[in-house]
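The values are calculated or read from the model by the stated rules, or taken from the named source; none is laboratory data. Treat the numbers as computed from the prediction; the structure is a model and nothing was measured. Cβ atoms come from the backbone with ideal geometry, glycine included; neighbour counts cover every protein chain shown. Heads up: the accessible areas ignore ligands, DNA and RNA and are worked out on the full protein's heavy atoms, side chains in. Shrake-Rupley method; radii C 1.70, N 1.55, O 1.52, S 1.80 Å.
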Amino acid sequence: MAQPPNQPPQGGFGAPQDQPPQQQGEGFGAPPPPPQAPPQPGYGYPQQPSPPSGPYAPPQSGPYGQPQQPGPYGQPGPYGQPQQPGPYGQPQQSGPYAQPQGYGYPQQPQFPGAPGTPPPGSGNRFKGKPAVIIGAAVAALLVIGGTVFAVAGGGDDDKKPTAGKSDDSKPTASDSPVNPGDGSGAGGADPENLNEGRKAGEAKVLWYKEAPDAPGDGADAPGMWITGKTAVKAAYKQLVAYNIDGGAPTWDTITFEQKICAVTPQKTSDDKIVVAYMNGTSDRADCNQLQEIDLNTGAKGWTGEVEDGALFDSTASIELSITGKTLMVGRSQSGTAYDVTTGKKLFDKKKYGSACFPTAFAGGARLIVVASCDAAKTTEHDEMQELDPTTGRVKWTQKFDKGWTVEHTYSLDPLVVYSTNDDKNAWNISTITASGRFRSQVAFDEDFAPECGWGFLGGDLQACQGVAADANTLYLPTEASSGANEIVAVNLADGKEKWRVKSPADESMLPLKTEGGKLVAYVEPSYDAGGRIVSIATTGSKHTPTTLLQMPEGTVDIESGFYSKDIDWVDGRFYISTTRLAGDTDKKEKLMLAYGK
């Protein structure tokens, strides 16, 4: 598609600074080349003079010295004349997926600490540059944010709690045993009491659980589900459940024949999940055995076996998600939808068009599919679609230009997408409307640092936590090489900063969720202070964090030892669990810890 009339090629957000001008292809994904200009100091900024000093200095004639031109939504364009929408290439001029023109953001190479870069110890191999998709099978999986990067570790030298009764005069641990991994409550007691010496105002350790044994090369512990009655956790071959108040086993542990290989991050409205496990132990074993489970009772529902796909369409690993009453099972090049209540097959999502293979699915607020199209051709690109979860009908299609890959979704409702272009060393965070149209993209340079990774099997783009969104705002944490970081509220209407707030401690603060018109965040523990849950007003002029729950100093070693972790805040309780078991230790590993008042 040609450039807009009388306009030179413009650099989109995330575009490299050393690409020569060239013709841009149609669709949703490739940044246009930058204008030629002398190099400027610093990284990530366009080839114009810098703005006034200070991170919050207002623009004079546009933030980077360019005269402002009319931009989208009838407002002055943030970076001068109308340009292409970052990684979205040329806006489509007609049809149901036409893109609004005028989105232009500064040229940016990748910078240290960009999205996809967990803090030290998380094991992300892409720290300091954009996450790079490796292989078609992990090209672009869209999922709801909230799952954590899986790495080995667990700090097994931490102290264990004891079974004991709580009383008003001397707060103690709950009656739950230390390690009821088999559901019977066996595991013995430890002389340590995690609540002993708890200071005024500190949270109470409701219960703490150790993990079942894992093989020497480690094992995955995916998923954590909290209902009004029980907290359920998967670990290696087992599914364990604990009462949310006292930690006693809610139902007998379920042990599968082979290791768990996939779970639904979501649960149904009546608290059901689906677990997949391997059909053998050999290198040729498939992840194709399905089991529905009732989280509140442990009752097993329907079972099924995932059908094999066509040639090269493997079930060696699969992704599971739930949207309404639909279970979506994603293979490497296709997907099959089932009625989650009965296991009855609803539809297949297979190859379409000339050569578009569905490689990734996301579920929850909506059902999203990403397809890899025209591989190894000059027209190679990714496409994103929203499907009707009952019929499989395509609601909309959006095309990414060659070189752009969807790495993560930070939210599905609204749909916020993090994409990268490895060849151009660029990233982009964008919002897409319910009809599949581009709405906005983050319009400023920042080292954002949600905790993202590849999930427990790799390629799981649901593997992000430390990011949240509501209807109009995206909440992103900044990177902190040392000391406190900040949370930045980004306006989803125009991609500009609304406000920011600094962590109340010398440790990083991560957004968890929005509830009751406020943002809930987790401040990580330090060497001598427990973490805390804080609430931040999302409207008004004051955004000072207010502490909701202060974790005790006495459990710092355990709390900070969950290097590979999943965290959740539900009904005034804070839950933290591991997503990976090291397995190469003779000592018991951590599994799950719950705090409350």
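Given the options S354, S317, S282, name the one that is in a loop (DSSP other than H, G, I, E, B) and crowded, with 20+ Cβ neighbours inside 10 Å.
S317
To keep it simple, each residue is scored yes or no on (1) among the small types (G, A, S); (2) out of contact with any strand residue (DSSP E or B) (no Cβ under 8 Å at 6 or more places or on another chain); (3) surrounded by fewer than 20 Cβ atoms within 10 Å (Cβ to Cβ).
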residue: K209; (1), (2), (3): no, no, no
residue: Y242; (1), (2), (3): no, no, no
residue: A248; (1), (2), (3): yes, no, yes
residue: E257; (1), (2), (3): no, no, yes
residue: I260; (1), (2), (3): no, no, no
residue: Q266; (1), (2), (3): no, no, no
statement: Within region 453-468, restricting to residues that are in contact with an Asp or Glu (Cβ under 8 Å, 6 or more places away or on another chain) and assigned to a strand (DSSP E or B), the one that is modelled with the highest pLDDT is Q465
query: Taking into account only those residues within region 211-240 that are among the acidic types (D, E) and either free of Cβ contacts under 8 Å to residues at least 24 places away in the same chain or within 9 Å of L581 (Cβ to Cβ) (or both), which is surrounded by the most Cβ atoms within 10 Å (Cβ to Cβ)?
result: D220
Verdict on E515 being touching a Gly at 6+ places or on another chain (Cβ under 9 Å) and either at pLDDT 95 or above or open to solvent by 20 Å² or more (accessible area, probe 1.4 Å) (or both): no
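Can you tell me which residue is least open to solvent (accessible area, probe 1.4 Å) among those in region 338-351 that are of a type in the set (D, E, K, R) and in contact with a Phe, Trp or Tyr (Cβ under 6 Å, 6 or more places away or on another chain)?
Going through the qualifying residues, I end up with K345.
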- line: When region 314-324 is checked residue by residue, the ones that are touching a residue at least 40 places away in the same chain (Cβ under 8 Å) and not hydrophobic (A, V, I, L, M, F, W, C) are S314, S317, E319, S321, T323, G324
query: Considering only residues of region 550-597 that are within 17 Å of G530 (Cα to Cα) and either free of Cβ contacts under 8 Å to residues at least 24 places away in the same chain or in contact with a Pro (Cβ under 6 Å, 6 or more places away or on another chain) (or both), which is most open to solvent (accessible area, probe 1.4 Å)?
result: S560
- prompt: In region 453-474, is there at least one residue being small (G, A, S), farther than 30 Å from A276 by Cα and open to solvent by less than 10 Å² (accessible area, probe 1.4 Å)?
  reply: no
message: Any residue that is in contact with a Leu (Cβ under 6 Å, 6 or more places away or on another chain), of a type outside the set (A, V, I, L, M) and in a loop (DSSP other than H, G, I, E, B) - is there at least one of those in region 508-520?
response: no
- prompt: Which number in (1) assigned to a loop (DSSP other than H, G, I, E, B); (2) polar (S, T, N, Q); (3) crowded, with 18+ Cβ neighbours inside 10 Å marks the one condition that Q291 misses?
  reply: (1)
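Only one residue in A375, A365, A360, A371 is under 25 Å from C464 (Cα atoms), small (G, A, S) and either in a loop (DSSP other than H, G, I, E, B) or free of Cβ contacts under 8 Å to residues at least 12 places away in the same chain (or both), so which one is that? Walk me through how you get there before you give the answer.
Values: A375 fails: under 25 Å from C464 (Cα atoms); A360 fails: either in a loop (DSSP other than H, G, I, E, B) or free of Cβ contacts under 8 Å to residues at least 12 places away in the same chain (or both); A371 fails: either in a loop (DSSP other than H, G, I, E, B) or free of Cβ contacts under 8 Å to residues at least 12 places away in the same chain (or both).
It is A365.
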- request: Could you check G335 against (1) farther than 23 Å from K233 by Cβ; (2) of a type outside the set (A, V, I, L, M); (3) surrounded by fewer than 23 Cβ atoms within 10 Å (Cβ to Cβ) and say which number it fails?
  value: (3)
- prompt: Quick one: V340 ticks every box in (1) modelled with pLDDT under 95; (2) under 26 Å from the mean Cα position of the chain (by Cα) bar one, so which box is it?
  reply: (1)
statement: Of (1) of a type in the set (S, T, Y); (2) touching a Gly at 6+ places or on another chain (Cβ under 8 Å); (3) in a strand (DSSP E or B), T390 satisfies every one except (3)
task: Return yes or no: is T544 open to solvent by 10 Å² or more (accessible area, probe 1.4 Å), of a type in the set (V, I, T) and at pLDDT 95 or above?
output: yes
task: May I ask you to list the residues in region 350-365 that are small (G, A, S) and more than 26 Å from the chain's Cα centre (by Cα)?
output: G353, S354, A355
message: Taking the condition of being touching a Lys or Arg at 6+ places or on another chain (Cβ under 9 Å) and closer than 21 Å to S482 by Cα, how many residues in region 525-552 meet it?
response: 2
- line: Condition set open to solvent by less than 40 Å² (accessible area, probe 1.4 Å) and small (G, A, S), scope region 481-492, selection modelled with the lowest pLDDT: answer is G483
Hits in region 553-590 (condition: of a type in the set (K, R) and assigned to a strand (DSSP E or B)): K565, R573, R580, K590
